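Novice: For reference, the structure I am asking about is given below.
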Amino acid sequence: AEGVVRGPVWDLSQDSAGMAVRFQTDATTIQARWSLKGKRLAMPHMPATGASGLDLYVRLENGAWRWLGIGIPETYPTNEATLVTGIPAGKREYFLYLPLYNGVTSVEIGIPKENILETGTPRAESHAKPLVFWGTSITQGACASRPGMVHTAILGRRLNRPVINLGFSGNGKMEPEIAQLLAELDPAVYIIDCLPNLQASEVKTRTEPLVHILRKAHPSTPILLVEDRTFANAFLISSKMQRNLSSRKELKEAYERLISAGVKQLYYLKGDNLLGRDGEDTVDSSHPTDLGFMRQAAAMENVLLPILGK
């Protein structure tokens, strides 16, 4: 992709958003050491735990994932943390999420010498294909408090699917160069969520070529087009409401033209369902808090479950 995509997209691709490792151990203490690429540990509106930290989940006996511990970044480049200690002995499966707005040069998992460390249990073949998300800063994870709380990660746990997070902060532009790269993948479903970074005129000209690129490579892979979330204060700021409405109008019309042209397995998710109606789920009217990401994951799950045939 280097030299093919725009410079800002390449730079953002060095962040580890969406990357995670599943492993099994019988250790009663789990530590981590990770080295960061970037000196900026946090952003003014996003904590260091989400931007540059690690996030540990454990699988329960019923198969559900439960949060267990966090690796808090305090220095650049290398941090060490005890993610969890004092848990009962027994072999368990874990999910370790990597930073959302930083990259890593190395990640090490530390356990006592007498314990085992193994790869995670392979997923069933029916759940092996990933969910591919292409989007903006929201898809990348702003402003989750920790890496496991972005909606892409939540959906990966709920649907038991691998996730490829192609969220590029400020640069989710529906560009053909990236669409061609997405076409090289073989996902369970493409989730296209770029509207927050596009003007209505760009939505009008870029949506159909994007879908045709993906459909040419994958005649039957589901594609989900997602409207932009409603700005939390758009109810009173007319310019923000108009931004939402104009982009959605062009996306919906492009979707209808594609359907009329015979494009199959194309789906649509309205933006007014992505967040709540109370205005309590963003940090700045645009980027979700953890509550906002929970709501967004629920809205997408309702659409993805029937698409995936569950």
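The values are calculated or read from the model by the stated rules, or taken from the named source; none is laboratory data. Treat the numbers as computed from the prediction; the structure is a model and nothing was measured. For neighbour counting, all protein chains shown are included, and Cβ atoms are generated from backbone atoms with ideal geometry for every residue, glycine included. With ligands, DNA and RNA removed, areas are computed over all heavy atoms of the protein, side chains included. Shrake-Rupley method; radii C 1.70, N 1.55, O 1.52, S 1.80 Å.
Novice: If you roll a 1.4 Å probe over the heavy atoms of the protein chains, what accessible area per residue do you get for the range 212-251, in Å²?
Specialist: 48
Novice: How far is it, in nm, from the label point at His45 to the one at Ile237 when both lie 7 Å from their Cα along the line to the Cβ?
Specialist: Roughly 0.8 nm, to one decimal.
Novice: Quickly estimate the mean residue ellipticity at 222 nm for the chain, helices only: each DSSP H run with n ≥ 4 gives -39500 (n - 2.57), and the total goes over all residues, rounded to 500.
Specialist: The per-residue figure over the chain is -9000 deg cm²/dmol.
Novice: On the accessible surface of the range 39-141, probed at 1.4 Å, how many percent belong to carbon and sulfur atoms?
Specialist: So the carbon and sulfur contribution to the accessible surface is 54 percent.
Novice: Taking 8 Å as the Cα distance limit and 6 or more residues as the minimum spacing, I'd like the relative contact order of the range 41-102 as a percentage.
Specialist: On the way: 98 pairs, mean separation 25.7, N = 62.
About 41 percent, as a whole number.
Novice: Between Ile192, Ile178, Ile138, where does the largest GNM mean-square fluctuation fall for the chain, given springs only between Cα atoms within less than 10 Å?
Specialist: Between Ile192, Ile178, Ile138, it is Ile178 that shows the largest mean-square fluctuation.
Novice: Anything over 27 Å Cα to Cα? Flag those among Lys37/Lys270; Lys216/Lys270; Lys173/Lys216; Lys39/Lys204; Lys129/Lys240, in the order listed. List each step's numbers first, then the result.
Specialist: Numbers: Lys37/Lys270 37 Å; Lys216/Lys270 25 Å; Lys173/Lys216 20 Å; Lys39/Lys204 38 Å; Lys129/Lys240 37 Å.
Pairs exceeding 27 Å: Lys37/Lys270; Lys39/Lys204; Lys129/Lys240.
Novice: Under the definition of Cα pairs under 8 Å and six or more residues apart, what whole-number percent is the relative contact order of the range 160-276?
Specialist: 29
Novice: Of Val58, Gly90, Thr221, which is farthest along the charge dipole of the chain in the positive direction, counting Lys and Arg as +1 and Asp and Glu as -1 at C-beta?
Specialist: Checked the options; the winner is Thr221.
Novice: Related question: Given the options Met19, Met241, Met294, which has the most mean-square fluctuation in a GNM of the chain, springs set between C-alpha atoms less than 10 angstrom apart?
Specialist: Of the options given, Met241 has the highest mean-square fluctuation.
Novice: Then there's this: GNM on the chain, C-alpha springs below 10 Å: top fluctuator among Ser220, Ser137, Ser126?
Specialist: Ser126
Novice: Taking the solvent-accessible surface of protein heavy atoms with a 1.4 Å probe, what is the per residue accessible area of the range 125-195 in Å²?
Specialist: Values: 1880 Å² over 71 residues.
That works out to 26 Å² for each residue.
Novice: How much of the DSSP bridge set in the chain is antiparallel, in percent, rounded to the nearest 5?
Specialist: 65
Novice: Which whole-number percent is the relative contact order of the chain (Cα, under 8 Å, 6+ apart)?
Specialist: Relative contact order for the chain comes out at 18 percent.
Novice: So if I place +1 on the C-beta of Lys and Arg and -1 on the C-beta of Asp and Glu, and nothing else carries charge, what would the dipole magnitude of the chain be about its Cα centre? I want it in debye, nearest 20.
Specialist: Numbers: 34 positive and 32 negative charges, 98 e Å.
Approximately 460 debye in magnitude.
Novice: For the Cα atoms of the chain, what angle does the longest principal axis make with the long axis of helix 238-260, in degrees from 0 to 90, nearest 10?
Specialist: 80
Novice: Classify the range 130-277 from the C-alpha gyration tensor, please: rounded if a/c falls under 1.5, else prolate or oblate depending on whether a/b exceeds b/c. Before the final figure, lay out each step's value.
Specialist: Details: a/c = 1.73, a/b = 1.10, b/c = 1.58.
Oblate shape, in that a/c is at least 1.5 and b/c is the bigger or equal ratio.
Novice: Now, a different point. If the chain between Thr121 and Gln180 were fully stretched, how many nm would it gain, using 0.36 nm times the residue separation less the Cα-Cα distance?
Specialist: 18.1 nm
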